[in-house]
Amino acid sequence: MKVAFISGTSIVNSTLFAEWEVATIETKFGPVTYKKRGEQVLINRHGYGFPLPPHAINYRANIAALADLGFREVVSLNSVGSLKKELPPGTFVSCSDYVGLQQGPATFFDTELKGGAPGIPNNLIPRLVAELAPEFMIQTGKVYVQMRGPRFETKAEIRIVKDWGDVIGMTAAHEADLCTEAGLNYNSLALIDNFSNGLEGTEIDFVKFKDLVKDNQTRVNRLFARLLEILG
């Protein structure tokens, strides 16, 4: 199946994609390096080399590259924090809606008076949920709250936004907005790596957060191996 994956650095650094061909495409918003094998491509949203923080990612170039390469189906994997005690670290979710109030949406329409209606089609999610089970249980219909980054949210900020959604992150809303404008179908998968700051008595520690992400690497590798099988 012709499908594009968008991921973070933990996936791109995985040995699972070590043999994939590396290529670069020039878009009107800048160059994008990606990996490809057959009809599938993988973009590291943070870029190669020194990873860019969320607020510095060239989202427009990433999504424009997928559109220019002829892709319409996009599966995204995001690292998120939990806003709900019943969604502990290690849980896989799919988000069907999002909140992005802290900054304006990413858009391709700089000089045109238009804008797409927001949404996450998730057209592949029912199939993925069914075929990933019972090895992976994906909780669907969640709401993603996007914050700007690069720092984590303060405890006071979490107290304000914890009722806005289920998980919190820094990237998915921009990608979903741009995919809508470009006519791409965005499919959301996310792995909860931590409780958000102050939730369940936890405090954010970036070193510990990176350790949690590293601990989840094996499960994420296996998830992607299954995705490649299902969508291959």
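The values are calculated or read from the model by the stated rules, or taken from the named source; none is laboratory data. The structure displayed is predicted, hence computed values, not measured ones. Note that each Cβ is placed from the backbone with ideal geometry, even for glycine, and that neighbours are counted across all protein chains shown.
Looking across region 8-18, the residues that are assigned to a helix (DSSP H, G or I) and among the aliphatic types (A, V, I, L, M) come down to 11, 12, 16.
Residue 194 falls short on exactly one of the conditions (1) over 26 Å from residue 3 (Cβ atoms); (2) touching a residue at least 60 places away in the same chain (Cβ under 8 Å); (3) outside any strand (DSSP E or B); (4) not acidic (Asp, Glu), and that condition is (3). In region 92-116, the residue that is modelled with the lowest pLDDT out of those that are touching a Ser or Thr at 6+ places or on another chain (Cβ under 7 Å) and either among the aromatic types (Phe, Trp, Tyr) or outside any strand (DSSP E or B) (or both) is 116.
Selection over region 4-19 of residues that are of a type in the set (Val, Ile, Thr), closer than 14 Å to residue 225 by Cα and either within 18 Å of the chain's Cα centre (by Cα) or surrounded by 21 or more Cβ atoms within 10 Å (Cβ to Cβ) (or both) gives a count of 2. Residue pairs whose Cβ atoms lie under 7 Å apart, separated by 6 or more positions or on different chains, with the first residue in region 138-161 and more than 13 Å from residue 188 (Cα to Cα) and the second among the aromatic types (Phe, Trp, Tyr) and crowded, with 16+ Cβ neighbours inside 10 Å, are 146/98. Screening residue 149 with (1) surrounded by fewer than 18 Cβ atoms within 10 Å (Cβ to Cβ); (2) within 25 Å of residue 230 (Cα to Cα); (3) at pLDDT below 95 gives one miss only, at (2). One residue stands out among those in region 71-115 that are among the charged types (D, E, K, R) and free of Cβ contacts under 8 Å to residues at least 24 places away in the same chain: the one that is surrounded by the fewest Cβ atoms within 10 Å (Cβ to Cβ), which is 110.
Going by the conditions given, is residue 135 surrounded by fewer than 17 Cβ atoms within 10 Å (Cβ to Cβ) and either in contact with a helix residue (DSSP H, G or I) (Cβ under 8 Å, 6 or more places away or on another chain) or acidic (Asp, Glu) (or both)? So residue 135 passes the test.
For region 56-70, filtering for residues that are under 16 Å from the mean Cα position of the chain (by Cα) and assigned to a loop (DSSP other than H, G, I, E, B) leaves 2. Of all residue pairs spaced 6 or more apart or on separate chains, those with beta-carbon atoms under 8 Å, a first member in region 211-226 that is closer than 16 Å to residue 80 by Cα and a second member that is at pLDDT below 85 are 213/10; 214/10; 216/10; 217/10; 217/14; 220/10; 220/11; 220/14. Residues in region 19-55 that are touching a residue at least 40 places away in the same chain (Cβ under 8 Å), of a type in the set (A, V, I, L, M) and not in a strand (DSSP E or B): none. Assessment of region 200-208 against the conditions (closer than 25 Å to residue 12 by Cα, at pLDDT below 95 and within 17 Å of the chain's Cα centre (by Cα)) yields no matching residue.
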